[in-house]
Amino acid sequence: MAKKATAKKVAEEVKEIKVSAAEEKVAVETAPVAEPVVKEKKVAKKPAAKKTSTAKTETKKDSKKDEVFVQFAGEEYVVEEVMDKAKSAYVAEGHRASAIKSVRLYIKPEERKAYYVINDKAAGSIDL
């Protein structure tokens, strides 16, 4: 009889373990359903904060300047300066600076000249 009593106790303990394991499984399965809603709200807030930080990095990137130099026969020309001279010559001809949409610049150091075409209409040259 002692074996039957211990067998019953063991059987009851096993049932309790199975029931508690099943309850834990149900609790675990239902818990993640409630959490994603909270996580989605947090995720929605984080990109907004990142946007402001990316704007700061874009400003830093804009502060960098690229320079292009043309060197020929002991002479050196800065392309940005030549571009500014071409735009100034265009404005000096009586055009508005705000009307400039596109500029094509052709630097010919062997002639010491730069030729420009602005807005695919006006063409001219400047001495370097």
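The values are calculated or read from the model by the stated rules, or taken from the named source; none is laboratory data. It should be emphasised that the depicted structure is a prediction, and the values quoted were computed from it without experimental measurement. Please note: Cβ atoms are built from the backbone with ideal geometry, for glycine as well, and neighbour counts cover all protein chains shown. Surface areas here come from the heavy atoms of the whole protein model, side chains and all, with no ligands, DNA or RNA. Shrake-Rupley method; radii C 1.70, N 1.55, O 1.52, S 1.80 Å.
Which value in nm describes the separation of the simple spin-label points at ILE100 and ASN119, placed 7 Å from the Cα toward the beta carbon?
For ILE100 paired with ASN119, the spin-label model returns 1.3 nm.
Within the set of other residues whose C-beta is less than 12 Å from the C-beta of GLU111, count the net charge using Lys and Arg as +1 and Asp and Glu as -1.
0
If R₀ is 22 angstrom, what is the calculated FRET efficiency for the pair GLU67 and LYS108, using the beta carbon separation as r and rounding to 0.05?
According to the calculation, E is roughly 0.65.
Over the range 67-128, with every protein chain in place, what whole percent of the accessible area is carbon and sulfur at 1.4 Å, could you tell me?
49 percent
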